[in-house]
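So the structure is just underneath, and the comments pick up after that.
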Amino acid sequence: MKYSDEYRDPGVARRLVDAITQAAKKRFSVMEFCGGHTHAIMRFGIRQALSSHVDLLSGPGCPVCVTANADIDAAIALAERPGITVATFGDMVRVPGSRSSLQEARSRGADVQVVYSALDAVNMAAADGDRSMVMLGIGFETTAPTIAASVKQAQAMGLCNYYVYSMHKLTPPAMKAILGAGEIKVDAVLGPGHVTSITGWKAWDFLPRAHGIPCAVSGFEPTDILSAILAIAESLNEPAAQRRVSNTYARGVTAEGNSVAKRLMADVFEMAPALWRGLGELPGSGLDLGPEYAAYDAKRVFEIGDLETTTADARGCRCSQVLRGLIAPPECPLFRHGCNPAHPIGPCMVSGEGACSAYYRYGGALD
Amino acid sequence: MCLAVPLRVESVDGAVGRVSLGGVLRDISLVLTPEAQTGDYVLVHTGFAISVLDEKEAQETLALFAELEEASRAVEAADPRTTEGATAQG
């Protein structure tokens, strides 16, 4: 058992596709919240295999893509100050803010370091007590507990030069905002497996309860995704009142999730409004450091002040609509025409798990 | 960004686990999964184990796939229109 190859059997995948097409009484749409799912769906040809019965819509589930210009501008402003090093996960450095990206700021002399883990940033802070280390807290519920753990680690080590600039975001409020806006018809939601390993699948209970739509929490291998879509197809045949959250990723996800991680998040963070690219400001959709951890909060410690920031996308870029599922990447006039992974214009092409990047890499036959 | 990979815990030392990633040994933090033990598979995300994979559940999913496969074969065997070639194409 390797927990990966076993779930890639092409024969099982074909059976699941057959079962989905048999169960589907009419065409239905599924929003895959998570960018990791978008990539797997494109990579394994699932979108094509189901195209006669299922519309798969990409959602806002790429933390880098939904980061607002204002947060990138603030990170750059910090990195440009003498004595401050900004540490970040790698996929953030090329994302454009209002005027430039962290990578461009680095080429102008700002101190930006890429880390694999927030604990690397803690160790860098410990190694150089003269510099202030600001870790960018980017990510959904999957990543937030690891950043919380880094703050606790810095505290345990007695560090006074480790800070977090939190731009963490919570996934259920974004899903609610998309459904509430009513801009697109979403018949069901493919629940993000790794987010849900932390939150537990009960976090998605509101989908069937308040919106009458099924949700299937899925892993990231092809037969994981197909069995989740099969569960959705079967659930759509039931009356709305009987629909439930299906957990087809039971090897990694439980009803309650990871209680240690949830406690740690609740200890270090408090809920706050957050600004999402494409969705605007959503109340209760973000995490800031709580008052007890003010000494580690880059937003409190370093007054960033007003930056000339813009919420507008780059000219012609339609990432904001891609993130809401309103258009598929090839519908953007820049897609392949001036915007590609080597020269990305919008964040959905920059990030390895952005929808545009997935369509560019694997979607040739569908354009 | 929420990328996480299933890796086997080769050894545990306090809150640090050693995993093998493509033959390279790497230390990860187990603070979020204190229950993880040597031999367990964990989902690893940015240097942290975020979930201990449940072998029983993993096997059950595979058993369901096997049932699906068997049921489909039985249907095909009973259907005179189905040929060997059609089975191969699924």
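The values are calculated or read from the model by the stated rules, or taken from the named source; none is laboratory data. Quick caveat, the model's predicted, so the values are computed rather than measured. Cβ placement follows ideal geometry from the backbone for every residue including glycine, while neighbour counts extend to all protein chains displayed.
Summary of computed values
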read-out: Spans of strands (runs of 3 or more DSSP E) in the range A:221-289 with at least 3 residues surrounded by fewer than 18 Cβ atoms within 10 Å (Cβ to Cβ) and within 20 Å of the chain's Cα centre (by Cα); value: A:269-276, A:280-289
read-out: Strands (runs of 3 or more DSSP E) contained in the range A:105-198 and holding at least 3 residues of a type outside the set (D, E, K, R), within 11 Å of another protein chain (Cβ to nearest Cβ) and out of contact with any strand residue (DSSP E or B) (no Cβ under 9 Å at 6 or more places or on another chain); value: none
read-out: Within the range A:322-339, considering residues that are without any contact (Cβ under 8 Å) to a residue 24 or more places away in the chain and buried (at least 16 other Cβ atoms within 10 Å of the Cβ), the one farthest from the chain's Cα centre (by Cα); value: A:Leu334
read-out: Among the candidates A:Leu16, A:Leu78, residue that is buried (at least 22 other Cβ atoms within 10 Å of the Cβ), more than 14 Å from chain B (Cβ to nearest Cβ) and either assigned to a helix (DSSP H, G or I) or on the phi > 0 side of the Ramachandran plot (or both); value: A:Leu78
read-out: Selected residue (criterion: surrounded by the most Cβ atoms within 10 Å (Cβ to Cβ)) from residues of the range B:37-68 that are facing chain A (nearest Cβ under 7 Å) and part of a strand (DSSP E or B); value: B:Ser51
read-out: Residue check for A:Gly257: within 11 Å of chain B (Cβ to nearest Cβ) and at positive phi; value: yes
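Condition check ((1) of a type in the set (Asp, Glu); (2) at pLDDT 95 or above; (3) within 27 Å of A:Ser351 (Cβ to Cβ)) across all residues:
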{"position": "B:Glu10", "(1), (2), (3)": "yes, yes, no"}
{"position": "B:Ala15", "(1), (2), (3)": "no, yes, no"}
{"position": "B:Gly23", "(1), (2), (3)": "no, no, no"}
{"position": "B:Ile28", "(1), (2), (3)": "no, yes, yes"}
{"position": "B:Glu69", "(1), (2), (3)": "yes, no, no"}
{"position": "B:Val75", "(1), (2), (3)": "no, no, no"}
{"position": "B:Asp79", "(1), (2), (3)": "yes, no, no"}
